[in-house]
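Only one structure is covered here, and it is reproduced in the block below.
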Amino acid sequence: MEPTVIVVDDDPGIRDSLESLLRSVGLSTKTLASVPEFVSVGRPNGPTCLVLDVRLPGQSGLDFQKELSSAHIRIPIIFLTGHGDIPMSVQAMKEGAVEFLTKPYREQDLLDAIRVALAKDRAWLESEKTMTDLRARYQSLSTREREVMALVVKGRLNKQVAADIGLSEITVKVHRGNVMRKMHASSLPDLARMADRLSAERDA
């Protein structure tokens, strides 16, 4: 899916120059004047990054970064500002910004930061897709199969699982085989890794 760079800056001259620069290197670009415009448009489905001015009409770029973080909306942010200071840049980076550039900035520095941001978002989207697939596979398990899976990944043998949940060993073997097939697990360690990822997500 084609990556998109979203520029949010209230200066039309800066929006135009950034759009021209990004299009010149083949990047799909969307330029907006304010945070509410971005909220109404929303983020595209593919890899995306946000080039955000710190000082904007209404809500500041830093406030918007905090709002996105609080709402668990992941989108890599590169800040541009003509009025930056060290505490501001420290705050932005602490909140997860990819880069904090002061105007005038080197075009190459911005392009490098955008490449890093898009790569970061692409990796996150791929990870999220993997988790979505994993959740769907887990949801396909019956209650009993989930019980068996939970014990098997702890290293319990079939006869131990059978004793734990009051089933025959042959029935446990059938459930275990179903779990491996439905989860697309190639081995027990593979299944254990899947269980760890599902558990980590539940605990997050």
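Restricting to region 43-63, name every residue that is in a loop (DSSP other than H, G, I, E, B) and of a type in the set (D, E, K, R). Talk me through it step by step, then tell me what you get.
Within region 43-63, the subset in a loop (DSSP other than H, G, I, E, B) is 43-47, 54-60.
Residues satisfying the conditions are Arg43, Arg55.
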Flagged pairs (Cβ under 9 angstrom, 6 or more apart or on separate chains; first in region 126-141, in contact (Cβ under 8 Å) with a residue 24 or more places away in the chain; second of a type in the set (Val, Ile, Thr)) are Leu141/Val148; Leu141/Val179
Name the residue, out of Ala185, Ala200, Ala136, that is under 32 Å from the mean Cα position of the chain (by Cα), at pLDDT below 95 and hydrophobic (A, V, I, L, M, F, W, C).
Ala200
Near pairs, Cβ below 6 angstrom, 6+ apart or cross-chain, from region 1-30 (surrounded by fewer than 13 Cβ atoms within 10 Å (Cβ to Cβ) and among the hydrophobic types (A, V, I, L, M, F, W, C)) to any residue that is modelled with pLDDT of 90 or more and not in a helix (DSSP H, G or I):
Met1/Gly46
Filtering region 40-54 for residues that are exposed (fewer than 14 other Cβ atoms within 10 Å of the Cβ) and either farther than 25 Å from Lys129 by Cα or at pLDDT 85 or above (or both) leaves a count of 2
Only one of (1) under 11 Å from Val5 (Cβ atoms); (2) touching a Phe, Trp or Tyr at 6+ places or on another chain (Cβ under 9 Å); (3) not in a strand (DSSP E or B) is not met by Ala92, so which one is it?
(1)
Long-range neighbours under 7 Å by Cβ, at least six apart or interchain, first residue charged (D, E, K, R) within region 58-76, second surrounded by 14 or more Cβ atoms within 10 Å (Cβ to Cβ) and outside any loop (DSSP other than H, G, I, E, B):
Arg74/Trp124
Looking at region 104-125, is at least one residue over 19 Å from Ser28 (Cα atoms) and polar (S, T, N, Q)?
no
Residue that is nearest to Val98 (Cα to Cα), among those in region 65-83 that are among the hydrophobic types (A, V, I, L, M, F, W, C) and surrounded by fewer than 22 Cβ atoms within 10 Å (Cβ to Cβ)
Ile75
State all residues of region 137-158 that are exposed (fewer than 12 other Cβ atoms within 10 Å of the Cβ) and β-branched (Val, Ile, Thr); if no residue qualifies, say none.
Thr143
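I need the full set of residues from region 178-193 which are within 17 Å of Ser142 (Cβ to Cβ) and in a helix (DSSP H, G or I), in order please.
The initial filter retains those residues of region 178-193 that are within 17 Å of Ser142 (Cβ to Cβ), namely 178-185, 191.
Of everything in region 178-193, those that are within 17 Å of Ser142 (Cβ to Cβ) and in a helix (DSSP H, G or I) turn out to be Asn178, Val179, Met180, Arg181, Lys182, Leu191.
The values are calculated or read from the model by the stated rules, or taken from the named source; none is laboratory data. Just so you know, these numbers come straight off a predicted model, no measurement behind them. Reconstructed Cβ throughout: ideal geometry from the backbone, glycine too, with neighbour counts over all protein chains shown.
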